[in-house]
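Read the structure below first, then the notes.
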Amino acid sequence: MAERMLQFTKVSRSMPDKRPAPARAVDFDEIYAEFSPDAAQAQASRCSQCGVPFCQQGCPLQNNIPDWLKLAAEGRMEEAWRVSSATNNMPEICGRICPQDRLCEGICTIEQSGHGTVTIGSIEKYITDNAWNEGWVQPIKPPRERAQSAGIIGAGPGGLAAAEQLRRKGYQVTVYDAHDRGGGLLMYGIPGFKLEKDIVERRIARLEASGIRFRFNTRVGRDVQLPALRTEYDTLLIATGVYAAKDLKCPGSRAEGVLAALDYLTASNRKGLGDVVPAFESGELNAEGKRVVVIGGGDTAMDCVRTAVRQGAKSVTCLYRRDRANMPGSQREVQNAEEEGVVFEWLANPDAILDTKAGKVKAVRASRMKLGEPDASGRQSPVKTGETFDVKADLVIKALGFDPEDLPLLFDEPALTVNRWGAVRVDYATMQTSLPGVYAAGDIVRGASLVVWAIKDGRDAAEAMHKSMKAMASGKVAAE
Ligand SMILES: Cc1cc2nc3c(=O)[nH]c(=O)nc-3n(C[C@H](O)[C@H](O)[C@H](O)COP(=O)(O)OP(=O)(O)OC[C@H]3O[C@@H](n4cnc5c(N)ncnc54)[C@H](O)[C@@H]3O)c2cc1C
Ligand code: SF4
């Protein structure tokens, strides 16, 4: 069947259809359509089946990309799905939201040779969406039940991936989450136009049907305590993400109408889910009819600007202190935002939030920047040019990134070691923390990162938890 592959000289790269900006900017539905079966097969056939697949190296999960592309090109979709889901607990989610240009697709060999990358993410999404439609994705039936148990704190992608892996092996798994629904940032951070919420909900429902217990509305450190959980479960995983928003350090940043990005995005996602959100109804967390300025250049900022467009903002401007080439967010998302009417002010640093006598925001005063000498990380530092300008605003959204919360304090567990940024320290070989029997995964270990890395950590932690519980069961080590 090799003749079905290496079609990149005959078949051009194409993405699934993208809805035109005027149509998509009025709702929160995803902007890309699904490939047709023929298009998915044809796009998969462009893979050159490299002996050393760089794409696989570029994927944090080391997905067997050439294998599932070949199976998809041959129309063997169920096998393609089985190979794809062997290394990834949510391929259709990664296919939608991984920044592929920086991961698998960025180092695809045919991209390097100028033919345009294989559209790996879109094919990955197609394969698993198709598997759901065909009814192949079923609840887990472990080959045998084990009496040992694992507690997982956090139902984001890191916690969910670990829960699934442990349940597959037959462990009794309970997941705690402070929110009323699972998914973490997949549910309440990332907007529906990138990831529709029923895609996340069906994953959670499947895990529930697989026998994993969820304890929602339960914040560890407040409603239940870490020492009690350590006694209750044989092993424990901390996958709580990072939620301490970096603040704007300039005059006026407490003015009415200056919002934290995640408050704003969570309210919007909750509205989309049909929840009653008083702060949205009151207009506090709603951009409708307002001049919106978003400060930041990462994925969160891109999600805020595009949400504001969809809420009917009068204008949306994004201020970022470096230039386009040096922004942390995905270039694909900037392009989408520009198409939807967002204005980008590159090399612009906020100096002050100007407010009215009543204390309401009315403008952002910014300095024009230029890129100076590289800092310790090698990135060029922005420096002021001396020029300033004002952007009128009724709403200012701070999207400057997130730090870990003070977990040793929140969990009342000073023996939990963290690094100087507050991220939980682990031994990366085992994902074990300084507390015996307690593991950690995802953003709380790496700092704000990516869904695919959280899944990878969750899987690695689950493997180490399994080894530890197996050793305990065989009497090789005493239960901690
Ligand atoms: C707006 C936004 C957009 C993003 N877009 C992308 C993207 O396009 N692509 C991408 O790959 N990544 C994106 N990311 C990053 C990605 O969402 C995270 O890297 C990923 O979700 C981390 O997974 P996690 O499981 O570690 O944590 P989270 O997803 O944050 O989940 C942690 C969970 O733990 C719960 N929790 C916290 N503390 C407690 C406690 N004490 N007790 C009980 N439960 C607790 C929280 O309620 C939450 O449900 C984005 C992030 C943001 C904020
Ligand atoms: S999980 Fe992400 S990085 Fe890996 S193949 Fe899929 S889209 Fe690429």
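The values are calculated or read from the model by the stated rules, or taken from the named source; none is laboratory data. Every value quoted in this text rests on a predicted model; they were computed, and no experiment measured them. Note: ideal-geometry Cβ built from the backbone for every residue, glycine included; neighbour counts use all protein chains shown. What goes into the accessible areas is simple: the full protein's heavy atoms, side chains included, and nothing from ligands, DNA or RNA. Shrake-Rupley method; radii C 1.70, N 1.55, O 1.52, S 1.80 Å.
The mean sequence separation of alpha-carbon pairs under 8 Å and at least six residues apart, normalised by the residue count of the chain, gives a relative contact order of 15 percent. Rounded to the nearest 10 square angstrom, Glu288 shows an accessible area of 120 square angstrom against a 1.4 Å probe.
Accessible surface of Thr356, taken over heavy atoms with a 1.4 Å probe and every protein chain present, rounds to 60 Å². Taking amide H positions as modeled 1.01 Å from N, with prolines and chain starts lacking one, the residues under 5 Å from Leu354 and 5 or more places away or on another chain are Lys362, Ala363, Val364, Arg365. Shape of segment 177-281 from its Cα gyration tensor (a ≥ b ≥ c, root eigenvalues): rounded if a/c is under 1.5, otherwise prolate when a/b > b/c, or oblate? It comes out oblate by the Cα gyration axes.
Work through the residues other than Thr218 whose Cβ is under 14 Å from its Cβ and net out their charges, Lys, Arg +1 and Asp, Glu -1. Charge balance near Thr218 sits at +1. Residues Arg254, Arg13, Arg144 ordered from highest to lowest accessible area at a 1.4 Å probe: Arg254, Arg144, Arg13.
Rank these residues by their accessible area, most exposed first, probe 1.4 Å: Lys392, Lys384.
Most to least solvent-accessible, the answer reads Lys392, Lys384.
Note on Met15: accessible area approximately 60 square angstrom, rounded to 10, probe 1.4 Å, nucleic acids and ligands left out.
Placing Lys467, Lys249, Lys362, Lys398 in order of accessible area, with the largest value first and a 1.4 Å probe, yields Lys249, Lys467, Lys362, Lys398. What shape does segment 322-411 have by the C-alpha gyration tensor, where a ≥ b ≥ c are the square roots of the eigenvalues, rounded means a/c under 1.5, and otherwise prolate means a/b greater than b/c and oblate the rest? It is rounded, given that a/c, with a ≥ b ≥ c, falls under 1.5.
Available extension along the chain between Glu145 and Glu208 is 21.1 nm, counting 0.36 nm per residue and deducting the alpha carbon span.
Mind running the shape call on the chain? Use the C-alpha gyration tensor, a ≥ b ≥ c as the square roots of the eigenvalues: rounded below 1.5 for a/c, prolate if a/b tops b/c, oblate otherwise.
Working: a/c = 1.72, a/b = 1.17, b/c = 1.47.
Note, shape of the chain comes out oblate.
Excluding Lys169 itself, what net charge comes from residues whose Cβ is under 13 Å from its Cβ, given Lys and Arg +1 and Asp and Glu -1? With Lys, Arg at +1 and Asp, Glu at -1, the neighbours total +4.
Could you work out what % of the accessible surface of segment 388-452 is carbon and sulfur, using a 1.4 angstrom probe and leaving DNA, RNA and ligands out of the count? Could you put the intermediate results ahead of the total?
Details: 1500 of 2920 Å².
Roughly 51 percent of what the probe reaches on segment 388-452 is carbon or sulfur.
Can you give the helix-only mean residue ellipticity at 222 nm for the chain, where every DSSP H stretch with n ≥ 4 adds -39500 (n - 2.57) and the sum goes over all residues, rounded to the nearest 500 deg cm²/dmol?
On the way: 19 runs with 168 residues, N = 480.
Mean residue ellipticity, 222 nm, calculated: -10000 deg cm²/dmol.
Measuring with a 1.4 Å probe in the full set of protein chains, what accessible area per residue, in whole Å², belongs to segment 1-113? All intermediate terms of the calculation are to be shown ahead of the outcome.
Numbers: 5100 Å² over 113 residues.
So segment 1-113 comes to 45 Å² accessible per residue, rounded to a whole number.
Measuring nothing but how far apart in sequence close Cα pairs (under 8 Å, 6+ apart) lie, relative to its length, segment 270-337 scores a relative contact order of 32 percent.
So what is the relative contact order for segment 34-110, in percent, with contacts set as C-alpha pairs under 8 Å and at least six apart? Walk me through the intermediate numbers first.
Details: 81 pairs, mean separation 29.9, N = 77.
Relative contact order here is 39 percent.
Just to verify a number: FRET efficiency for Ala415 and Ala279, C-beta to C-beta distance, R0 = 51 Å, to 0.05? Write down the numbers at each step before the final one.
Working: r = 38 Å, r/R0 = 0.75.
So the FRET efficiency works out to roughly 0.85.
Suppose we keep just the DSSP beta bridges with both residues in the chain; what percent of those would be antiparallel, to 5? Present the calculation step by step, with values, prior to reporting the outcome.
Numbers: 22 of 54 bridges.
Rounded to the nearest five, the antiparallel share is 40 percent.
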